[in-house]
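To keep things clear, I will list the structure first and then write my remarks on it.
The values are calculated or read from the model by the stated rules, or taken from the named source; none is laboratory data. What you are looking at is a predicted structure, and each value in this text was computed from that prediction instead of being measured. As a convention, Cβ positions derive from the backbone with ideal geometry for all residues, glycine included, and neighbour counts pool all protein chains shown.
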Amino acid sequence: MDKLENVSVIKKANIYFDGKVTSRTVLLANGERKTLGMILKGQYTFETSDKEHMELLAGRLDVLLPNQKEWISVEAGQTFEIPAHSKFDIVARELTDYCCSYIKE
């Protein structure tokens, strides 16, 4: 899906790692929550509360998912999922644009 329709956007940005990772929260009419964001080059560790589905719109990341020993490479047009209540590491190899969907289980 290239376009989100009938949405509300939270104006206040989510800002992490001294501004190197930012996003805006988008609320869909059906109650679903997404964030649209940018990640600057660098290495970061994130924690999840809900299951997350990450879609890369531009850029390239290396990702170390929870309980894994091998990094995976993800680039524009690809996705990956992170379980709820976990930590994961990423290395942004270049400026990365993403859409994250939060999945209640």
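Figures for the structure shown
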read-out	value
Pairs with Cβ under 8 Å, 6+ apart, first in region 9-28 and of a type outside the set (S, T, N, Q) and surrounded by 14 or more Cβ atoms within 10 Å (Cβ to Cβ), second modelled with pLDDT under 95 and not in a strand (DSSP E or B)	26/4; 28/4; 28/6
Yes/no for residue 56 being surrounded by 14 or more Cβ atoms within 10 Å (Cβ to Cβ), closer than 17 Å to residue 23 by Cβ and in contact with a strand residue (DSSP E or B) (Cβ under 6 Å, 6 or more places away or on another chain)	yes
Count of residues meeting criterion [closer than 18 Å to residue 102 by Cα, out of contact with any Lys or Arg (no Cβ under 9 Å at 6 or more places or on another chain) and among the charged types (D, E, K, R)] in region 4-31	1
Residues of region 53-89 satisfying the condition of being basic (Lys, Arg) and in a strand (DSSP E or B)	60, 87
Of all residues making up region 47-72, the number that are without any contact (Cβ under 8 Å) to a residue 24 or more places away in the chain and of a type in the set (Lys, Arg)	1
